[in-house]
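Following: one structure in structure tokens, then a few remarks.
The values are calculated or read from the model by the stated rules, or taken from the named source; none is laboratory data. A quick note: this is a predicted structure, and the numbers were derived from the prediction, not measured. Methodologically, a virtual Cβ is constructed for each residue, glycine included, from the backbone with ideal geometry; neighbour enumeration extends over all protein chains shown. Ligands, DNA and RNA are excluded from the accessible area calculation, which covers all protein heavy atoms including side chains. Shrake-Rupley method; radii C 1.70, N 1.55, O 1.52, S 1.80 Å.
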Amino acid sequence: MTKHQGVSRRTALQATGLGALGLFCPGRAAAQSPHAIAATALGQQPHSDGPVLEPLNRLPRMVQEYLVAQAREAEGRGLLVKESLRTKADAEAYVRSVREKIGLCFGPLPEKTPLNPRVTGVLERDAYRIEKVIFESRPGFLVAGNLYVPRGGRFPRPAVVGSCGHNDKAKAAEAYQAFSQGLARQGYVVLTIDPIGQAERMQYVDENLRPRRGGGDREHLYAGNQQFLVDEFFGTWRAWDAMCAIDYLLTRDEVDPKHVGITGTSGGGTVTAWVCALERRLTMAAPSCFITTFSRMLENELTADTERHPPRALALGLDHDDFLAAMAPKPIVILAQELDHYDVRGSIEAYRRLKRLYQLLGAEENISLHVGPGHHGFNQDHREAMYRWFNRVTGISDATTEPDLVLEEEEALRCTPQGQVAGIGSKTIYSFTREKAEALAARRRPLRGEALRSAMIEVLRLAPQTDVPEYRVLRPLRGRRYPKPHATTYLVETERGVHAVVYRLYDELHHARPPQGPKRAVLYVAHQSSDAELRDEPLVRELLESEPDTPLFTCDVRGIGDSRPDTNFGGWDTFLGMRGTDYFYAIHALMLDKPYVGQRTHDLLRVLDWLGSFDHTEVHLVATGWGALPAAFAAVLSERVTQVTLKHALTSYTDIATSESYNWPLSSFLPGALDKFDLPDCYEELRAKQLRLIDPWGPDAV
């Protein structure tokens, strides 16, 4: 994309006004309404007084369009830098800079530890042998793989790490056997490993070694989301396994260290890109069905698991091409498919950016793009393009097509007696998360007062605000069966393109700004929907009965209730799904270095500023469930909050990080917090504001 195009797209997004906010776009039918979900999650039955009301959802695309604008702005900043490169020295400096930034995304890599490799079996075949290999990428953390070693000829030979996509059979799946065997028949030593959470490396198994949480992306999300609490990134773990596979290959006499490559498709293409970014010993690479642009993925509502979203990447101005640029000027071929859900337009954009960089480096011939005609997957045309590329680099073979293959049964390729590394005592990924959380808790000291507030502002990524927010007054709501006969909706603009939805209950019809005063007001922060909880949450009625003359406001922060996203999966309601919209926007928020719970805290602080403009300077802040997190943070930070009631508040982040099972969503997690503070520090600080904790929720309660 050119600079001009990037600017014009952002301008168009900013100019969309009410349309972008979805104010005049009716929400699509939901499989389960926020009303029913909120009531169920709060342990209640949906309101039964008459027919179930359709959920209110005035801003169904607000979060989507806000994040698209943010991503495009980040992409534009990155493009300005790339377009400013003029010389080889500029290009070399750029490669160094992206390597540094990538280090900030993936965090410090772990120390090298003994691989303790062992071969548990060998299959002798006509042109190669397959060794069943197990090694440790971290102490006690076992990796299972198949090593293909060609027969005859001269050694050492070029070597390739095979990285598998999301398939329960992983290294034994047809596509991965095919490229492993195809390379071996052409003279390459190939080590194809099972990813974490697939094939022989399931992390959550029962006593019979059967998966308890499903495989592939289900385990990736479950383990990966939890890791953010201890400032780990699941993509780093995936890449590190592959880098340790290179370590193992380089211990073998059959391997030529001058020619070491990596290839893989889909999730394996992701890992291929990450290893290109991190591993200097690589000499060639062929990522398949992954390389596009981050903004294309977001605009197309392409949900994916945790490993594909490096934290802080967008904030640092990185894009898919940059992870390959970190390997420049070494040979890379991008393998894309015309009909892939990974937008081929982004693949072409990435290639063009890299081609210009490689031209400046004097190595234009070392970057290539192959676009196949098919759908997502390591199809034969992709494999053959990969063979041709690696053969051009190594000169080991002049083959251009795939040789005849004879695929193995899955059981024949197993490295472990029972088909799971768990059966031979491998540590689990969540055990490492628990150990790190426990170490952080032991080192951490309680924070109070200004020290706590400073730490919270830093980790929540909050910026100072001094003005009073703008707002809109929508038509009064009728027939919603709220505890008072009338309610008016206010859209409080918390930042450009984002509105918190605030209801104010009235005894009389009111379609205007809120009246001034009194000083005291109640602000209720919803768990998932103010509309539902005004009817069904007993705490709301308790507040009205105990303070009948105090104005009652409710608040849906971004992504909740009235701005619950109605995007993703072609209109399916996947809000709470494994890769649903709540997760989708939470993971992109982390890529922008703006944690979702921090954004929601910002919304709440701005609503408190707005209330202050009507002389409500003594606010009783009340919240339930998910809403209790931004409420607790805002209550510590705002002098306007003088009383706090939290129902179903999370006990602590440490409780989640040290538990094998949890139900809280990624949108509630605050990466980096446990290095500085935990929720009990906030609760202790709020004792001075008459904190009332009602039935706190632990990791499994939601």
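Would you mind checking the pairs LYS647/LYS689; LYS258/LYS330; LYS112/LYS169 and listing those with alpha carbons more than 20 angstrom apart? Among LYS647/LYS689; LYS258/LYS330; LYS112/LYS169, the Cα-Cα distance tops 20 Å for LYS112/LYS169. Ranked by the mean number of other Cβ atoms within 10 Å of their residues, highest first, the peptides 653-666, 525-538, 115-128, 298-311 fall in the order 525-538, 298-311, 653-666, 115-128.
Of the solvent-accessible surface of the stretch 281-423, computed with a 1.4 Å probe and all protein chains present, 47% belongs to carbon and sulfur.
The equivalent ellipsoid that matches the C-alpha gyration tensor of the stretch 144-221 spans semi-axes of 30, 11, 9 angstrom, in descending order. Take the Cβ atoms of LEU693 and ARG444, set R0 to 30 Å, and the FRET efficiency comes out at 0.90. Rolling a 1.4 Å probe over the protein heavy atoms leaves PHE141 with an accessible area of roughly 0 Å². Going by alpha carbons, how many degrees (0 to 90, nearest 10) lie between the helix axis of 3-14 and the longest principal axis of the chain? Around 30 degrees separate the two axes.
At an R0 of 56 angstrom, the distance between the Cβ atoms of ARG481 and PHE155 translates into a FRET efficiency of 0.10. For the stretch 525-649, the Cα-based Rg and Dmax, in that order, read 15.3, 46 Å. Summed over the residues of the stretch 253-405 and divided among them, the accessible surface reaches 30 Å² per residue at a probe radius of 1.4 Å.
Rounded to the nearest 500, the 222 nm mean residue ellipticity of the chain from helices alone is -11000 deg cm²/dmol, with -39,500 (n - 2.57) taken per DSSP H run of at least 4 residues. For the stretch 602-702, the relative contact order is 33 percent, taking Cα pairs closer than 8 Å that sit 6 or more residues apart in sequence and dividing their mean separation by the residue count.
Ranked by solvent-accessible area (1.4 Å probe, protein heavy atoms only, all chains present), the residues THR550, THR466 order from largest to smallest as THR466, THR550. Relative to the dominant Cα principal axis of the chain, helix 344-360 is inclined by about 60°. Peptide packing for 142-151, 686-695, 365-374, 282-291 was compared via the average number of neighbouring C-beta atoms within 10 Å per residue; ordered from the highest value, the list is 282-291, 142-151, 365-374, 686-695. Compute the angle between helix 429-443 and the longest alpha-carbon principal axis of the chain, please, reported from 0 to 90 degrees and rounded to the nearest 10. So the inclination is approximately 60 degrees.
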